[in-house]
Amino acid sequence: MEQIELVLFEVEENMQNVIEGLNRELANIRTGRANPAILDRINIKYYGADTPLKQIAAISVVEGTQLYIKPYDKSVLKDVEHAIYASDIGISPQNDGTGVRLILPALTEDRRKELSKSVDKIGETNKVNVRNARREGNDLVKALELPEDLEKSTLNDVQELTDKYVKKIDEVVAEKVKEIMTI
């Protein structure tokens, strides 16, 4: 039954999109280690256009607790520095004439616990999104008006997908919490 396969494919695709969104969202949460992803939302005015920082500079991790941003064009160095000040990442840039250094301060125990709770909340929100995808899939299956045994089997397949993706969310969240709590 091609229709059933299409419904299951669509449900799994929606759930996979939830996981990808979760990964993007968690990449922006600062841990004790430097991660270039915290700079993903920073844009620079470059020749009149808003350009993502990662497109106009090389970003490298130094000693695990520092990020070094080296623009390909030195004329934007001040703009990079100002954009980082204006962003909400809470780190003061240090301009050394060829690049900008960001030294990430160590997280306090309270801040680590706070971030872990935040990660757990994000995980729960994404589980709700997976369950919404399940509900939509169930509605699509019921709309097909299949024979009762085939419908029940297909609904079980949708539930198995849901369980699989909820487990993936738990694993991703647990890994991020472990990363945050590691000193």
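The values are calculated or read from the model by the stated rules, or taken from the named source; none is laboratory data. No experiment lies behind these values; they were computed from the predicted model shown. Cβ placement follows ideal geometry from the backbone for every residue including glycine, while neighbour counts extend to all protein chains displayed.
In the range 3-44, how many residues are outside any loop (DSSP other than H, G, I, E, B) and either modelled with pLDDT under 85 or of a type in the set (A, V, I, L, M) (or both)?
Count: 16.
Answer with yes or no whether residue 43 is in the same structural domain as residue 151 (by TED's automatic domain parsing) and within 21 Å of residue 67 (Cα to Cα). Explain how you work it out, then say what you get.
Working: in the same structural domain as residue 151 (by TED's automatic domain parsing): no; within 21 Å of residue 67 (Cα to Cα): yes.
Against the criterion (in the same structural domain as residue 151 (by TED's automatic domain parsing) and within 21 Å of residue 67 (Cα to Cα)), residue 43 does not qualify.
Those residues that are without any contact (Cβ under 8 Å) to a residue 24 or more places away in the chain and either in a helix (DSSP H, G or I) or aromatic (Phe, Trp, Tyr) (or both), I need them from the range 57-82; list them, please.
72, 75, 77, 78, 81, 82
Among 153, 116, 75, which is in the same structural domain as residue 47 (by TED's automatic domain parsing) and small (Gly, Ala, Ser)? Talk me through it step by step, then tell me what you get.
On the way: 153 fails: in the same structural domain as residue 47 (by TED's automatic domain parsing); 116 fails: in the same structural domain as residue 47 (by TED's automatic domain parsing).
On inspection, the qualifying residue turns out to be 75.
May I ask you to verify whether residue 91 is under 30 Å from residue 167 (Cβ atoms) and outside any helix (DSSP H, G or I)?
Here the answer is no, as residue 91 does not meet what is asked.
Would you point out the residue of the range 93-139, among those that are surrounded by 12 or more Cβ atoms within 10 Å (Cβ to Cβ) and among the small types (Gly, Ala, Ser), that is nearest to the chain's Cα centre (by Cα)?
Selected residue: 123.
Given the criteria in contact (Cβ under 8 Å) with a residue 40 or more places away in the chain and in the same structural domain as residue 159 (by TED's automatic domain parsing), does residue 14 qualify?
On the way: in contact (Cβ under 8 Å) with a residue 40 or more places away in the chain: yes; in the same structural domain as residue 159 (by TED's automatic domain parsing): yes.
Considered against the rule, which asks whether it is in contact (Cβ under 8 Å) with a residue 40 or more places away in the chain and in the same structural domain as residue 159 (by TED's automatic domain parsing), residue 14 comes out as yes.
Are there any pairs, at least 6 apart or on different chains, whose C-beta atoms fall under 9 Å, with the first in the range 139-153 and free of Cβ contacts under 8 Å to residues at least 12 places away in the same chain and the second exposed (fewer than 13 other Cβ atoms within 10 Å of the Cβ), and if so, which?
Sorted first by the residue in the range 139-153, then by its partner, the pairs are 151/142; 151/145.
For the range 29-47, how many residues are of a type in the set (Phe, Trp, Tyr) and touching a residue at least 12 places away in the same chain (Cβ under 8 Å)?
1
Which residues, taken from the range 146-183, are surrounded by fewer than 17 Cβ atoms within 10 Å (Cβ to Cβ) and not in a helix (DSSP H, G or I)?
147, 182, 183
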